[in-house]
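This report refers to the structure that appears directly beneath it.
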Amino acid sequence: MSGGASYVLSREALRRFVTQAYDSDKICPGAKKMGIEDFYMGICLQNVGVHLIDSTRAMPDDNKPKFFPVDVENYLYTGNTSIPDWLREMSVSEVYTGNNCCSNAPPAALANCVK
């Protein structure tokens, strides 16, 4: 799970995380010690039976990203090389730029770096 921009949890997923996972070093190994909390959050949630989906697959008629862990302007220019390698490598789906970059569904973009 690549976060950065955000992730959305159901009430049940949050309840499981708080009551079963957070205080357990066996279920949530390293999550409180290292800086890649989104990665470890995914491990913790999977360990308590929460199924993760990529936001590009969340809506049947819209297969474009809904969350953006880097500045949205990086996505808007076709062929932009400022999309970091780590994002391309960790994303489940292909990272697009230009007019095809972003979802038209509201909210169109949740971004980590908004100026």
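See the values below:
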item	result
Phi to ³J(HN,Hα) by Karplus 6.51 cos²θ - 1.76 cosθ + 1.60 over region 16-28, Hz, x for Gly, Pro	4, 4, 5, 8, 10, 9, 4, 7, 9, 5, 6, 7, 10
Stretch gain in nm, segment TYR96-LEU52, where the contour uses 0.36 nm per residue and the Cα spacing is subtracted	13.7 nm
Cα shape, region 7-77, gyration tensor, a/c 1.5 rule	oblate
With DNA, RNA and ligands ignored, accessible area of TYR22 (1.4 Å probe; Å², nearest 10)	100 Å²
Extension gain, VAL8 back to LYS64 (0.36 nm per residue minus Cα-Cα distance, nm)	18.5 nm
Amide H within-cut-off set for VAL95, under 5 Å, with H built and near neighbours excluded	none
³J(HN,Hα), Karplus 6.51/-1.76/1.60, whole Hz, each residue of region 37-43, x for Gly, Pro	5, 5, 4, 5, 4, x, 5
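The values are calculated or read from the model by the stated rules, or taken from the named source; none is laboratory data. Predicted model only: the values in this text are computed from it and were never measured. What goes into the accessible areas is simple: the full protein's heavy atoms, side chains included, and nothing from ligands, DNA or RNA. Shrake-Rupley method; radii C 1.70, N 1.55, O 1.52, S 1.80 Å.
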